[in-house]
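Read through the structure below, which is laid out as structure tokens, and then see the notes.
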Amino acid sequence: MTTVTSQTPKPIPAAGAAPCGAPDEATVSRIARSCICYQTRMTAHAVTRAYNRALAPLGLEVTQFNILAALAVAKTNSVTALSEALALDRTTMTRNLKRLEAAGLVSVSTGQGRAVRPALTEAGAALLSAAIPLWESEHVKMEEAVGADVWGRTRDGLRAIRRSVTDGRCG
């Protein structure tokens with residue numbers, strides 16, 4: 001015989017009311033205003049959208065642009081090194097490389113063991129060359145919008161945050 005137990009449903013909070021045990025609105029607002037992670041993610045998403053719009057006429061996204069640019073200077077010779085250089089997880093990098101390879105912009109060869117070595121193709125170099133003026137135009141707009149001094153301080157601050165996380169002082 002199956003026993004059915006009835007549970008009293010929890011009341012639904014009134015509109016605007018916080019669920020029982022939830023932090024108060026002032027605390028959550030303070031966190032949203034001051035959280036380094038939240039602020040940098042929101043800014044990164046907005047900036048990414050702006051660069052993606054600028055590069056859209058070429059069918060390119062800014063992450064792909066950055067990968068092509070990194071390959072063009074050939075400072076990386078493996079997926080792992082490229083992922084680390086661009087601060088992308090390996091899975092995201094692999095997915096992007098597959099899309100770029102399918103488009104004929106990147107060639108991928110295997111190295112020693114399971115090593116995968118991406119390289120820029122002629123078509124990739126040509127697309128990168130065509131994309132640079134679009135990227136530069138968007139960069140100028142952004143820098144002019146916030147001012148060179150603010151951008152310089154922001155860039156230095158972001159680098160300091162990144163160093164403090166990667167060298168183990170936090171995170």
Condition check for Leu127: open to solvent by 40 Å² or more (accessible area, probe 1.4 Å) and either in contact (Cβ under 8 Å) with a residue 12 or more places away in the chain or out of contact with any Ser or Thr (no Cβ under 8 Å at 6 or more places or on another chain) (or both): no
Residues being among the charged types (D, E, K, R) and modelled with pLDDT under 95 - total across segment 100-142: 2
Near pairs, Cβ below 9 angstrom, 6+ apart or cross-chain, from segment 131-156 (surrounded by 14 or more Cβ atoms within 10 Å (Cβ to Cβ)) to any residue that is in a helix (DSSP H, G or I) and of a type in the set (D, E, K, R): Glu138/Arg53; Trp151/Glu143
Positions within segment 22-40 being in contact with a helix residue (DSSP H, G or I) (Cβ under 9 Å, 6 or more places away or on another chain), among the hydrophobic types (A, V, I, L, M, F, W, C) and open to solvent by 60 Å² or more (accessible area, probe 1.4 Å), in sequence order: Ile31, Ile36
Selection count, segment 71-87, where residues are closer than 26 Å to Met142 by Cβ and surrounded by fewer than 18 Cβ atoms within 10 Å (Cβ to Cβ): 7
Selected residue (only one of Thr43, Thr48, Thr121, Thr92 is open to solvent by less than 50 Å² (accessible area, probe 1.4 Å) and under 23 Å from Ile161 (Cβ atoms)): Thr92
Near pairs, Cβ below 6 angstrom, 6+ apart or cross-chain, from segment 24-40 (touching a residue at least 12 places away in the same chain (Cβ under 8 Å)) to any residue that is exposed (fewer than 12 other Cβ atoms within 10 Å of the Cβ) and in a helix (DSSP H, G or I): none
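The values are calculated or read from the model by the stated rules, or taken from the named source; none is laboratory data. Keep in mind that this is a model prediction, so the values were computed, not measured. Quick reminder, even Gly has a Cβ in these numbers, built from the backbone with ideal geometry, and neighbours come from all protein chains shown. Note: areas computed on protein heavy atoms with side chains; ligands, DNA, RNA excluded. Shrake-Rupley method; radii C 1.70, N 1.55, O 1.52, S 1.80 Å.
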